[in-house]
Structure formats: structure tokens, C-alpha cells
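The values are calculated or read from the model by the stated rules, or taken from the named source; none is laboratory data. The shown structure was predicted, so the numbers you read here are calculated from the model rather than taken from an experiment. Every residue, glycine among them, receives a Cβ derived from its backbone with ideal geometry; neighbour counts consider all protein chains shown. With ligands, DNA and RNA removed, areas are computed over all heavy atoms of the protein, side chains included. Shrake-Rupley method; radii C 1.70, N 1.55, O 1.52, S 1.80 Å.
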Amino acid sequence: MTSKGKPSPRSAVKPLSDEQVAKLAQRHHLVNPTKEYPTGPRIPNEAEINAQNPKATARLLKGVSVVLSQRSKVYAWGLEHVPETGPFITAATHVTMYDVFVPMMSLFHMGRRPRFMAKAEMAHWPVIGKWFQTVGMQPVPRRSGQAKAIETESINILTSGRPLTIWPEGTLTRDPQKWPMSMKSGVGYIALEASRRLGYQIPLYCSVTWGAASINQWWPWPRKNVVMCYDDRLDYADLLATQDSWGDEPPAELAQALADRVRARMEEIMAEIRGEQPPAAGYWDYRTMSRKPRPDISFHREDGEQPYITTIPPAGTRA
């Protein structure tokens with residue numbers, strides 16, 4: 001069974017301009033994530049690196065880095081947030097397949113080796129499917145009735161001390177303007193249950209990539225700008241406050257609430273990268289293939305700064 005609908009064409013969005021990248025560079029320290037340790041010297045997680053087919057991974061990482069740098073101008077900010085040790089979750093946008101390669105390449109260059117959830121079909125792709133499995137792919141059989149088993153394996157990855165990368169939309173966004181669409185609750189369930197088992201809030205980061213949606217894969221030149229933000233930790237301590245009363249698993253409404261927070265934060269970050277405002281009518285819901293009003297969500301940053309509020313400002317104002 002195939003996914004509903006098709007992603008909108010490249011013509012639906014504008015390329016990320018040099019002027020917009022310059023504006024982002026004024027507010028953030030942009031680095032080149034196609035290079036090793038883009039934020040400066042740090043201690044690589046040798047145990048993770050050695051446990052995950054180091055030679056094959058190094059070859060694939062080099063190849064991906066060369067291809068991406070030849071086909072696009074890649075920038076990133078926030079990679080200093082990536083922990084050197086311990087488990088963490090990366091929730092990444094899924095506008096194009098670049099949204100797989102950019103954050104994974106960046107995390108590998110930061111000395112970490114996350115396992116990652118990806119559709120099972122990718123394991124059967126010629127040549128590259130074997131490479132994906134070699135470097136930590138956790139196949140996800142879509143519409144197979146195995147959601148619980150997949151979530152259990154994801155939790156086991158985290159409780160064993162390894163990081164995990166998830167694309168919580170479950171497929172390429174179907175939003176006509178390529179904004180983040182509705183999120184599956186699995187990301188919330190995994191984060192909450194793994195945190196309960198470990199006894200502390202596992203760091204959860206949103207990774208938002210934008211710019212590749214307008215790349216023509218057959219003729220990508222001149223190179224387009226691609227920018228990724230690896231955001232501050234997303235705080236969900238309030239959702240863990242009642243964990244002693246959960247029973248066998250986190251309540252579905254709490255898992256969905258965390259997934260909604262991830263979507264809302266992704267939308268805010270993407271609005272800044274694009275220099276645009278998301279549709280005022282609401283977010284794109286994959287189940288109904290239509291827009292729904294945004295829920296009221298307010299949650300605080302761990303660094304003590306102003307809380308994230310998902311209210312969308314009027315067009316022409318900054319997010």
C-alpha cells in the first residue's frame with residue numbers, strides 16, 4: 001500500500017536565496033556540516049564509532065559529504081547542542097530525501113553514531129540499501145501492524161545508551177507548501193517511555209532542514225542553498241510529571257501532546273529559515289489531507305529563555 005497523495009512539485013516553493021542565508025548568518029553562527037567537527041574540536045564517541053562498522057561507515061560518510069557539497073551549499077547552526085555521550089533523540093523534518101542525509105551526515109561528523117528509523121523499502125534499494133543497514137538503519141515496515149514492536153526496539157536503542165534519529169511525519173510531507181505536517185505519536189511514546197525507564201528526561205532535539213525542496217536531482221546546478229538548524233533541547237518534563245500513574249505505558253494523549261510540540265517547534269524554526277510565515281489556516285493533517293487549526297501549545301525552553309508559543313504572527317513580521 002502506498003502513501004496517500006504525492007509531495008508537491010519543486011515549483012511549489014522558492015529556492016532559499018543568498019540574501020536569506022545572509023540574514024540567518026547575522027543571527028546564527030553558520031557552519032559547514034559536510035566537514036568533520038564543524039563546530040570545532042570535540043571528543044568523538046569512540047565506543048559508538050567502533051560498534052557500527054567503522055570502515056564502511058567512514059566510506060559512506062565521505063561519499064555522502066562529497067555528493068551533498070557538490071550538489072548544494074550546505075549550512076547549519078546549533079550542532080554544538082549534540083551531546084558527546086549518552087542517548088538522545090533527534091526528530092527531523094522530512095521535506096525531501098536530503099532531510100535524511102543532512103542531519104545524519106552532520107551527527108556523524110560530530111562524532112556520534114545514531115541509529116535511525118527509516119521505511120523498510122529503503123533496505124531494498126540497489127547498493128545504497130545495504131549501506132543504510134550497515135550504518136545503523138532500523139527498518140520500519142509501514143502499515144504492517146508492527147508499530148508496537150518498532151517502538152519497543154526504539155526504546156531499547158535509547159535505554160542501551162545509543163542516540164536515535166526519527167522522522168516523525170512518517171513520510172515526505174504532503175503540505176502543498178512543504179511545511180511540517182501532522183506528526184505520528186510514536187515519537188512522543190518513545191521519548192516518554194524511554195525517559196521513564198532511564199529515570200530522567202532524555203534530550204530531544206528538533207532538526208529542521210530547508211532548501212533542498214527546489215533542487216532538480218537530474219541537473220542540480222547551480223548549487224542551491226540548504227540550511228539545517230539543530231535546535232535547543234525541547235523540554236517535556238511536565239509530561240513526565242505523572243509517570244508514576246501511567247500503568248504499562250504512557251497515555252496516548254501525552255504521547256500525542258509531545259508529538260504536537262515537535263511539529264509546532266519545527267514549524268517555527270522553518271519559518272525563520274525560510275523567512276516566511278506558515279499558512280494561517282493551520283497545519284496539514286495527513287489523515288484527512290486537509291488543513292486543521294493549530295492547537296494552543298505553550299512550553300518552556302530548558303535554557304530559561306522565553307517560552308515557545310505557537311501563535312503565528314501576521315504576514316510580514318518576524319517569527
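I'd like the full set of residues that are open to solvent by 10 Å² or more (accessible area, probe 1.4 Å), in a loop (DSSP other than H, G, I, E, B) and touching a helix residue (DSSP H, G or I) at 6+ places or on another chain (Cβ under 7 Å), limited to region 65-94.
Of everything in region 65-94, just one residue is open to solvent by 10 Å² or more (accessible area, probe 1.4 Å), in a loop (DSSP other than H, G, I, E, B) and touching a helix residue (DSSP H, G or I) at 6+ places or on another chain (Cβ under 7 Å), namely PRO87.
Can you find a residue in region 128-146 that is assigned to a loop (DSSP other than H, G, I, E, B), in contact with a Leu (Cβ under 7 Å, 6 or more places away or on another chain) and either open to solvent by 10 Å² or more (accessible area, probe 1.4 Å) or modelled with pLDDT of 90 or more (or both)?
no
Filter region 5-28 down to residues that are assigned to a loop (DSSP other than H, G, I, E, B) and aliphatic (A, V, I, L, M) and give me whichever is surrounded by the fewest Cβ atoms within 10 Å (Cβ to Cβ).
VAL13
I want to confirm something. Restricting to region 280-305 and keeping residues that are hydrophobic (A, V, I, L, M, F, W, C) and modelled with pLDDT of 85 or more, which single residue is least open to solvent (accessible area, probe 1.4 Å)?
TRP284
So, TYR230, is that one at pLDDT 95 or above, among the hydroxyl-bearing types (Ser, Thr, Tyr), surrounded by 15 or more Cβ atoms within 10 Å (Cβ to Cβ) and more than 27 Å from PRO9 (Cα to Cα) or not?
When the stated conditions are applied, TYR230 does not pass them.
From the set of residues in region 274-294 that are out of contact with any Gly (no Cβ under 8 Å at 6 or more places or on another chain) and among the hydrophobic types (A, V, I, L, M, F, W, C), which is nearest to SER185 (Cα to Cα)?
So, considering only residues that are out of contact with any Gly (no Cβ under 8 Å at 6 or more places or on another chain) and among the hydrophobic types (A, V, I, L, M, F, W, C), the one nearest to SER185 (Cα to Cα) is TRP284.
Condition first: among the small types (Gly, Ala, Ser), open to solvent by 50 Å² or more (accessible area, probe 1.4 Å) and either part of a helix (DSSP H, G or I) or over 30 Å from MET289 (Cα atoms) (or both). Can you find one or more residues in region 29-41 that meet it?
no
Across region 175-198, what is the total count of residues that are more than 22 Å from ARG115 (Cα to Cα) and either modelled with pLDDT under 95 or touching a strand residue (DSSP E or B) at 6+ places or on another chain (Cβ under 6 Å) (or both)?
3
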